[in-house]
Amino acid sequence: MTYKIIQWTTGHVGREAVKGILRHPELELVGCYAWSESKVGKDVGELCGIGATGIKATGDIDQLLAMEADCVCYMPTFPDIDDVERILLAGKNVVSSYFINARSWGPEVQTRLQQAAEKGGVSLFGSGIFPGFANFIAALMASASYDFRKIHFQESVNVAYYDAIANYAKLGWGQMPDDDKWRETNEQVLGTYAECIDVIAELLHIPITEIRFHYESATATEDREFNRFALPAGTIAGQKCQWLGMVGDEVVVELEVVWNAGKNLQPDWPVRHGYSMVVEGDPGIHSHIKFIPSAAQLQGGRPADLANVVTAMPVINAIPVVCAAKPGIRSYADLPLIRPYYTAWRHRL
Ligand SMILES: NC(=O)c1ccc[n+]([C@@H]2O[C@H](COP(=O)([O-])OP(=O)(O)OC[C@H]3O[C@@H](n4cnc5c(N)ncnc54)[C@H](OP(=O)(O)O)[C@@H]3O)[C@@H](O)[C@H]2O)c1
């Protein structure tokens, strides 16, 4: 079966998604939305730094929705709920690096998206590395313990060379610390992280009674600049956030992110470079997942691209099962096993 795909924007993650679509034997790229006017009319291959694809980007949403396509790969900086609703009502599945279950947008938006998907006879699914795939792995680890009591998951990375570091401005980076103010902003902007607790709870039959949120900032000790994003001395250049899934007064799911823009912040949290996962139980289970840049990424001087690849690929590989799923908002808790393709043999022949 071949699924026809429209790519929605070609930013950092979207560019890697396009490469993933073109390599996937069950997917065919048929269209592309450009938010930037300067991208309209350009070949998608040119926008993604690869050879021509014959598909040109357009800013005309009506034209894209009228196309015959199975799925939209939706990857703008921030979602437009009206657009997502229109795509679903037009009978196109949506996979995204943003959504998990849309609960953090409030019941009105969540219901609108659920109803649009049902009316369109399609599904909405979101993943990425975290929120998304890495925390799903942590939940799966609990399968090997007969008495798990707690899942602890931590993302710990130095984001200094991450292309999209300027997007952290909306979390307070580069501005003066004010933990009450930025705690509230972070809890709202990073709402999809809390939604991961819903998915883990559903997967592992955990009767969560409350989700708690903690926030702490770290400041630059001298002026810094990464990818033209200025972080003057004394401003926020790192943060630690925790989402705690409680059962009564016990923490049963603990999701933590520690992001540092370089070393020697105040406080100077250690950087573990990846995902540390611990299942406390009988037996206890520990794992650490680290991503290694490909030779091509290293040779091209673009090792940071791997963050965008591991965000895009869990979304792309899910497309066949999402297109076949029961209509509605879907998650790892109710999709069948997602099975990527071995395609490396093609390069060897
Ligand atoms: N789950 C995860 O693990 C994970 C990890 C990283 C990122 N993400 C999410 O993935 C999404 C894409 O991230 P990214 O780093 O690729 O973002 P990005 O490069 O900053 O932006 C993606 C595209 O959004 C469009 N855009 C920019 N400003 C816009 C605006 N004001 N209104 C509407 N569209 C706008 C642009 O489209 P054009 O291409 O037309 O210029 C841009 O290329 C974000 O929602 C991000 O939060 C998820």
Dipole of region 130-301, positive end: most advanced residue of 292, 231, 247 [Cβ charges, Cα centre]: 292
What residue among 100, 151, 285 has the largest mean-square fluctuation in a Gaussian network model of the chain, using Cα springs under 10 Å? 285
Using θ = phi - 60° and the Karplus form 6.51 cos²θ - 1.76 cosθ + 1.60, what ³J(HN,Hα) does each residue of region 57-62 get, whole Hz, x for Gly and Pro? 6, 9, x, 8, 5, 4
Solvent-accessible area per residue for the chain (1.4 angstrom probe, square angstrom): 46 Å²
Which residues qualify? For residue 29, with a placed amide H closer than 5 Å and at least 5 residues away or on another chain, they are 5
Please compute the length gained on full extension between residue 346 and residue 35, using 0.36 nm multiplied by the number of residues separating them and subtracting their Cα-Cα distance. 108.6 nm
Defining a contact as two alpha carbons under 8 Å apart and six or more residues distant in sequence, what relative contact order in percent does the chain show? 20 percent
May I ask you to derive the relative contact order of region 1-136, considering only C-alpha pairs under 8 Å and at least 6 residues apart, and to give it as an integer percent? 21 percent
Carbon/sulfur accessible area of the chain, % of total, 1.4 Å probe, equals 52 percent
Around residue 230, with a cut-off of 9 angstrom between Cβ atoms, what is the net charge of the other residues, counting Lys and Arg +1 and Asp and Glu -1? 0
So which residue, out of 228, 330, 149, gets the largest mean-square fluctuation from a GNM of the chain using Cα contacts under 10 Å as springs? 228
With residue 116 itself left out, Lys, Arg at +1 and Asp, Glu at -1 over residues whose Cβ is under 9 Å from its Cβ give +1
Of 56/181; 19/150; 170/326; 181/263; 39/326, which pairs sit farther than 32 Å apart, going by alpha carbon to alpha carbon? 56/181; 19/150; 170/326; 39/326
For the pair residue 209 and residue 63, what calculated FRET efficiency results from E = 1/(1 + (r/R0)^6), where r is the Cβ-Cβ distance and R0 = 56 Å, to the nearest 0.05? 0.70
Take residue 140 and residue 268, extend 7 Å from each Cα along the Cα→Cβ direction, and tell me the distance between the two endpoints in nm. 3.8 nm
Given the DSSP H assignment, sum -39500 (n - 2.57) over each helix run of at least 4 residues in the chain and divide by its residue total; what's the result at 222 nm in deg cm²/dmol, nearest 500? -8500 deg cm²/dmol
So, over other residues within a Cβ distance under 13 Å of residue 81, counting Lys, Arg +1 and Asp, Glu -1, the net charge is -3
Determine the relative contact order of region 130-301: mean sequence separation of Cα pairs under 8 Å and six or more apart, normalised by residue count, in whole percent. 33 percent
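The values are calculated or read from the model by the stated rules, or taken from the named source; none is laboratory data. Quick caveat, the model's predicted, so the values are computed rather than measured. As a convention, Cβ positions derive from the backbone with ideal geometry for all residues, glycine included, and neighbour counts pool all protein chains shown. Heavy atoms of the whole protein, side chains included, go into the accessibility calculation; ligands, DNA and RNA do not. Shrake-Rupley method; radii C 1.70, N 1.55, O 1.52, S 1.80 Å.
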